[in-house]
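All remarks here apply to the structure that follows.
The values are calculated or read from the model by the stated rules, or taken from the named source; none is laboratory data. On a predicted model such as this, the values are computed, not experimentally measured, just so you know. For neighbour counting, all protein chains shown are included, and Cβ atoms are generated from backbone atoms with ideal geometry for every residue, glycine included.
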Amino acid sequence: MAAARSWDIFCKVIDNHGDLGVCWRLSRDLATRGHRVRLWVDHPEALAWMAPQGAPGVEVVHWGADAQAARPSQVVIEAFGCEPPEAFVRAMADAAAAGAPSAWINLEYLSAESWVERCHALPSPVMSGPGAGLTRHFFYPGFTSRTGGLLRETDLQARQAAFDASAWLRTHGIDARPGERRASLFCYEPPALPELLQQLAHDDTWHLLVTPGRAAEAVRAALDVASAAPRISWLPALPQPAFDELLWACDLNFVRGEDSLVRALWAGQAFVWHIYPQHDDAHHSKLDAFLDWMAAPASLRDFMRAWNGIGTRPLPPPDLVAWRDTARQARARALAQTDLTHQLIDFAAQRLPAAT
């Protein structure tokens, strides 16, 4: 592992706090590996529930005037193309001219599409503006050895192995009944949600654990039109470690976006992904690429496509055994890859002077 260094991570909250969720996990993971991190974020309010205790080694800085006078760290990450402030980039150029360059990395969105392997780690020389003469590199998370890998803390498997689902449910005031099956729900507004509620209601062993925000609002709206619904527990906002544990405690996890998809994969339980919808339907091919990587059986493929509003087929019944086996086989493949944080550390080290 390369020597410990200082990092600046820039994050803009677009919507739903998914970008911030990824950036916080990365910041915390870097800090646990001995690195010093400044996380620049324009709307840090969500960290009050996402990470209420903060993390040693991570300084959260409001993205504003402070960035104008800040001295750049050894590694600068702009998450998802958010572009650091011009004054900060100018300071990077000045530092590089003085012999103290920063490794500048654009951390991109996650995808299983084949083009990711071709674009991963490509340089992008800056030809104009305050950063003229500098080079940033594109860094793509992914599911194969020719990508940047996935976020995975070094102690993740040990924590999961020690997890007690019954104790966790009691701690969170969730009444667990013998023989029931639990499904967590973290979604946008899937058109098939009323159908899901009716489907789960036909088997009285299902208990639906609903996350707050858009998922809870969508369920309340769906209850107005669904003819039946399973037993429901309404969850509060959970810090990231507790959200991971929620996924470990359930038999079926409905997740959305990028961060929770990866956490569902690590959980090793059956899961359904609600991909972030794009106006040009580019998310359709992105979903299909992920299903191909998973080697998803037909039932899971049909369910995920219907859940994402692709086509007109009804939701097939969940096949928990086949879906769980598929998830665990995919997890094993992902665990064989070097994790994202490790790869970022090594990638940055190759582009910086040797630590002294």
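For region 99-126, what are the residues that are surrounded by fewer than 14 Cβ atoms within 10 Å (Cβ to Cβ) and either among the small types (Gly, Ala, Ser) or under 17 Å from the mean Cα position of the chain (by Cα) (or both)? Hits for region 99-126 are GLY99, SER114, SER124.
Which residue is farthest from ALA306 (Cα to Cα), if the candidates are limited to region 182-193 and must be surrounded by 16 or more Cβ atoms within 10 Å (Cβ to Cβ) and not aromatic (Phe, Trp, Tyr)?
Taking region 182-193 as the starting set, the residues that turn out to be surrounded by 16 or more Cβ atoms within 10 Å (Cβ to Cβ) are 182-188, 190, 192-193.
In the following step, the residues that additionally are not aromatic (Phe, Trp, Tyr) were identified as 182-185, 187, 190, 192-193.
Details: ARG182: 21, ALA183: 18, SER184: 18, LEU185: 16, CYS187: 14, PRO190: 9, ALA192: 7, LEU193: 10 Å.
Selected residue: ARG182.
Checking each residue in region 189-228 for being in contact with a Lys or Arg (Cβ under 6 Å, 6 or more places away or on another chain) and either among the aromatic types (Phe, Trp, Tyr) or modelled with pLDDT under 95 (or both) picks out THR205, TRP206. TYR188 meets the conditions (1) aromatic (Phe, Trp, Tyr); (2) more than 19 Å from the chain's Cα centre (by Cα); (3) assigned to a loop (DSSP other than H, G, I, E, B) in every case but one. The failed one is (2). Looking only at region 42-84, residues that are part of a helix (DSSP H, G or I) and farther than 13 Å from LYS12 by Cβ come to 8 in all.
For region 139-158, does any single residue satisfy the condition of being surrounded by 18 or more Cβ atoms within 10 Å (Cβ to Cβ) and outside any loop (DSSP other than H, G, I, E, B)? Yes, region 139-158 contains at least one residue that is surrounded by 18 or more Cβ atoms within 10 Å (Cβ to Cβ) and outside any loop (DSSP other than H, G, I, E, B). Considering only residues in region 166-181 that are touching a residue at least 24 places away in the same chain (Cβ under 8 Å) and loosely packed, with under 14 Cβ neighbours inside 10 Å, the one that is nearest to the chain's Cα centre (by Cα) turns out to be ASP175. Residues in region 268-307 that are in contact with a Ser or Thr (Cβ under 8 Å, 6 or more places away or on another chain) and either free of Cβ contacts under 8 Å to residues at least 40 places away in the same chain or among the basic types (Lys, Arg) (or both): LYS286, MET294, ALA295, ALA296, PRO297, LEU300.
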